[in-house]
Amino acid sequence: MILMNSKLAHTAEHIFMRSLQQLVDGISVRKVDHRDTINKVYLKSPKLTLDIIYQAEVMTNRVIEEGREVKEHKFVSIGEAREIFPHMRAYEERISGDVRVIEIDNYDYSACTREHTQKTNECGFFLVTRISKENDQYGIEFLVGKEAQKSALELSMKCIKVARELGASVKTLEATAKNLKKELDIYKKRMVILTENSINSLIPTNKDDKIIYAMIIEMFDDSIVMKKTRDIIKQNNSIVLFMNINSRATVVLACNENLQIDCSVILKSTLNKFGGKGGGKVNFATGSVEIEKAEEVFNALRKELNC
């Protein structure tokens, strides 16, 4: 079973790569990885797009459906092979001596030592399942045959379920997702502004020559809370205690370095009493606790700090 799947994957990969090369110039294969559970090609291309990958996927399945013959040609050298098949794909730096060229009838020619099907329709179906990208490097994972058909059905049902959750149809799913992302970005920006303004407007209290910023806040942007805390504790004798309530209550305890306070020890020991967890550096510590215990923890920390 694994051997047959390997044959299917190798053959389909040849067709897919040729389809991509017909659609975009300058594409090169860096590596091909075929395992029992994954098939992946690593490509380099400055022009590759999701639409091009989709078009290549369609072309690959068309060639598979045509049932083209898969032929084997043997040559004594890469030079001899090039004379017959000048456009064949080959890792020439890895080839020496005899060369075996696999031909997908009048479609693709590639130097390869692996096993392949006799006809393209044995592959059944080709499906791209995952695409990763870093700069101009791409990793494209795919399935072939029954595994591809099963995955296609699962993906189809998943799209239907997601569309239902979003109150959209499958046809409008992409547009709906884009609109939701835009709205989310707007809300995030508003949350950042709200967080900054709220912390900036906080009036500290003074006790025993300490400047204390303490507040229970709700649904604030955690990254901005951290950033503003770092800014505040640059002031001499300053202490910050923020309890930010989201899905859990996040605690930030920090102080200026000139104060002899170990924020990490204080926060960790206090949170442990209430089933929470925390830690960090001497002058900057964070942790979390269940929302129901947020106010108790906040008051316990104020008592511990005498603020």
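The values are calculated or read from the model by the stated rules, or taken from the named source; none is laboratory data. Please read these numbers as outputs of a predicted model, since none were measured by experiment. Neighbour counts are summed over all protein chains in view; Cβ atoms, including those assigned to glycine, are modelled from backbone coordinates with ideal geometry.
Overview of values
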| quantity | calculated |
| --- | --- |
| Among (1) closer than 14 Å to Ile140 by Cα; (2) assigned to a helix (DSSP H, G or I) - the single one Gln22 does not satisfy | (1) |
| Pairs, first acidic (Asp, Glu) in the stretch 40-69, second in a helix (DSSP H, G or I), C-beta under 9 Å, six or more apart | Glu57/Phe16; Glu57/Ser19; Glu65/Thr120; Glu65/Asn121; Glu66/Thr120; Glu66/Asn121; Glu69/Thr120 |
| In the stretch 72-84, residue nearest to Lys146 (Cα to Cα) [restricted to those that are in contact (Cβ under 8 Å) with a residue 24 or more places away in the chain and surrounded by 14 or more Cβ atoms within 10 Å (Cβ to Cβ)] | His73 |
| Residue in the stretch 85-93 that is surrounded by 14 or more Cβ atoms within 10 Å (Cβ to Cβ), in the same structural domain as Ile131 (by TED's automatic domain parsing) and part of a strand (DSSP E or B) present | yes |
| Residue in the stretch 42-88 that is modelled with the highest pLDDT, counting only those that are of a type in the set (Gly, Ala, Ser) and farther than 15 Å from Glu103 by Cα | Ala56 |
| Residue check, Val29 surrounded by fewer than 19 Cβ atoms within 10 Å (Cβ to Cβ) and in a helix (DSSP H, G or I) | no |
| Number of positions in the stretch 178-218 that are touching a residue at least 12 places away in the same chain (Cβ under 8 Å) and part of a loop (DSSP other than H, G, I, E, B) | 4 |
| Given (1) at pLDDT below 95; (2) under 22 Å from Glu296 (Cβ atoms); (3) surrounded by 15 or more Cβ atoms within 10 Å (Cβ to Cβ), index of the condition Leu259 fails | (2) |
| In the stretch 94-126, the residues that are of a type in the set (Gly, Ala, Ser) and surrounded by fewer than 19 Cβ atoms within 10 Å (Cβ to Cβ) | Ser96, Gly97, Gly124 |
